[in-house]
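Novice: Please see the structure below; I have some questions.
The values are calculated or read from the model by the stated rules, or taken from the named source; none is laboratory data. Fair warning: this is a prediction, and the values are worked out from it, not measured in the lab. Note: ideal-geometry Cβ built from the backbone for every residue, glycine included; neighbour counts use all protein chains shown. The area values use the complete protein model at the heavy-atom level, side chains included, leaving out ligands, DNA and RNA. Shrake-Rupley method; radii C 1.70, N 1.55, O 1.52, S 1.80 Å.
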Amino acid sequence: MTNRSFVTTFILMGLPHAPALDIPLFTIFLVIYVLTVMGNLLILLVIRVDSHLHTPMYYFLTNLSFIDMWFSTVTVPKMLMTLGSPGGRMISFHSCMAQLYCFHFLGSTECFLYTVMSYDRYLAISHPLRYTSMMRGRTCALLATGTWLSGSLHSAVQTTLTFRLPYCGPSQIQHYFCDGPPILRLACADTSVNEMVIFVNIGVVASGCFLLIVLSYVSIVCSILKIRTSEGRHRAFQTCTSHCIVVLCFFVPCVFIYLRPGSRDAVDGVVAVFYTVLTPLLNPVVYTLRNKEVKKALLKLKDKITQSQSK
């Protein structure tokens with residue numbers, strides 16, 4: 001098998017839609033993208049300037065906001081280009097390779113990070129007296145670094161398996177970004193082994209992370225039920241609700257696309273919008289609107305800005 005590819009440029013077909021919807025869809029996705037970037041930047045700024053938020057939970061949240069900001073940037077701008085003009089559908093072979101690597105790198109890192117965040121909540125609720133000693137700054141840094149390194153390794157495997165095959169045409173990718181399954185359909189070779197390895201690879205990572213998250217929250221629920229006061233139980237449940245909402249919105253679409261037999265291009269494209277476009281927006285929305293500490297920090301930041309402007 002040769003590493004040489006006869007295709008130098010791919011064509012992204014984009015989301016299936018009527019041509020009359022180009023401008024409305026472009027406007028909607030542009031607004032969502034701007035809100036996503038600004039919202040996650042705001043979270044990073046608030047946590048940075050407010051010393052009360054310098055805790056393990058918000059340390060991991062800064063990692064999540066950073067990932068979501070770039071995760072959206074990897075796919076949405078190119079999607080806007082495909083909606084803006086026919087020439088925007090073109091993407092070079094190496095750019096497609098880079099997009100695939102970055103997409104799986106950030107996506108798998110976020111998957112691992114959700115697992116670490118669930119472990120952090122488990123320690124905070126189930127072992128509150130030992131939480132501070134168990135989640136020291138160095139421990140948090142090692143856990144975060146581990147998620148980034150694991151995500152990089154996982155993505156390298158995906159990218160290598162996909163682009164080691166020869167591509168000699170056709171060059172039309174039935175998606176709005178470069179992803180493994182639609183690209184493999186264009187290969188001029190048998191892809192059954194690649195598809196199986198990718199399926200197992202993603203399956204082990206996604207299933208393993210989700211199982212650990214479920215186990216963490218089963219333990220958390222058991223600990224919460226032992227709390228005698230209803231107010232204490234409500235407060236404990238509330239601290240975990242935000243995490244659960246975002247986790248479900250991230251994992252369910254991924255499982256639907258990557259861990260099911262067969263594939264439908266139109267359905268996969270629409271479902272992919274949820275975790276590439278909407279989920280990165282959910283992070284700032286959920287963590288700010290449902291979190292009293294972040295709300296207080298935002299008000300403090302607003303007061304500081306107002307005072308500085310009045311001087």
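Novice: Order the following by accessible area, largest value first: Tyr119, Tyr287, Tyr33, Tyr101. Probe radius 1.4 Å; ligands, DNA and RNA are ignored.
Specialist: Largest accessible area first, the list is Tyr119, Tyr101, Tyr33, Tyr287.
Novice: Going by alpha carbons, how many degrees (0 to 90, nearest 10) lie between the helix axis of 56-84 and the longest principal axis of the chain?
Specialist: 30 degrees
Novice: Using the heavy atoms of the protein chains and a 1.4 angstrom probe, tell me the accessible area per residue for the chain in square angstrom. Could the numbers behind the result be given before it?
Specialist: Details: 15810 Å² over 311 residues.
I get 51 Å² per residue for the chain.
Novice: How would the chain be classified by its alpha-carbon gyration tensor: rounded, prolate or oblate, with rounded meaning a/c under 1.5 and the a/b versus b/c comparison settling the rest?
Specialist: It comes out prolate by the Cα gyration axes.
Novice: Above 21 angstrom, tally the Cα pairs of segment 117-261 and express them as a % of all pairs, no decimals.
Specialist: That fraction is 58 percent.
Novice: Give the angle, between 0 and 90 degrees and rounded to the nearest 10, that separates the Cα long axis of helix 279-289 from the longest principal axis of the Cα atoms of the chain.
Specialist: The angle comes out at about 10 degrees.
Novice: Per the chain: cysteines with no other Cys C-beta under 4.7 angstrom?
Specialist: Cys102, Cys111, Cys140, Cys209, Cys222, Cys240, Cys244, Cys249, Cys254
Novice: Kindly identify segment 1-159 as rounded, prolate or oblate by the Cα gyration tensor criterion: order the square roots of the eigenvalues as a ≥ b ≥ c, call it rounded if a/c is under 1.5, otherwise compare a/b with b/c, prolate if a/b is larger, else oblate. Can you show the working numbers first?
Specialist: Values: a/c = 3.35, a/b = 1.72, b/c = 1.95.
Cα axes put segment 1-159 in the oblate bin.
Novice: Cα gyration tensor of segment 1-79, axes a ≥ b ≥ c as square roots of the eigenvalues: rounded (a/c below 1.5), prolate (a/b > b/c) or oblate?
Specialist: Details: a/c = 4.67, a/b = 1.64, b/c = 2.84.
It is oblate, given that a/c is not under 1.5 and a/b is not larger than b/c.
Novice: Now for a different question. For a distance above 18 Å, tell me the whole-number percent of Cα pairs in segment 79-123 that qualify.
Specialist: When every Cα pair of segment 79-123 is considered, 53 percent fall beyond 18 Å.
Novice: Sticking with this one: By per-residue mean of other Cβ atoms within 10 Å, what is the highest-first order of 135-148, 35-48? Please report the intermediate quantities before stating the final value.
Specialist: Details: 135-148: 14.8, 35-48: 18.9.
Listed from highest to lowest mean packing, they are 35-48, 135-148.
Novice: So which residue, out of Leu61, Leu129, Leu15, gets the largest mean-square fluctuation from a GNM of the chain using Cα contacts under 10 Å as springs?
Specialist: The residue that fluctuates most here is Leu129.
Novice: Let me check I've understood the local charge: for His52, count other residues with C-beta under 15 angstrom from its C-beta, Lys and Arg +1, Asp and Glu -1. What total comes out?
Specialist: +3
Novice: Specify the residue with the greatest mean-square fluctuation among Gln172, Gln99, Gln238, computed from a Gaussian network of the chain linking alpha-carbon atoms under 10 Å apart.
Specialist: Gln238
Novice: Run the quick spin-label model on Cys222 and Val255: label points 7 Å from Cα toward the beta carbon, then report their separation in nm to one decimal.
Specialist: 2.2 nm
Novice: Still on this model: Could you give the angle, 0 to 90 degrees to the nearest 10, between helix 230-258's Cα long axis and the longest principal axis of the Cα atoms of the chain?
Specialist: 10 degrees
Novice: Relative contact order, percent, of the chain when contacts are C-alpha pairs under 8 Å separated by at least 6 residues?
Specialist: After rounding, I find 28 percent.
Novice: Another one. Once the other residues with Cβ under 15 Å from the Cβ of Gln158 are scored (Lys, Arg +1; Asp, Glu -1), what is the net sum?
Specialist: -2
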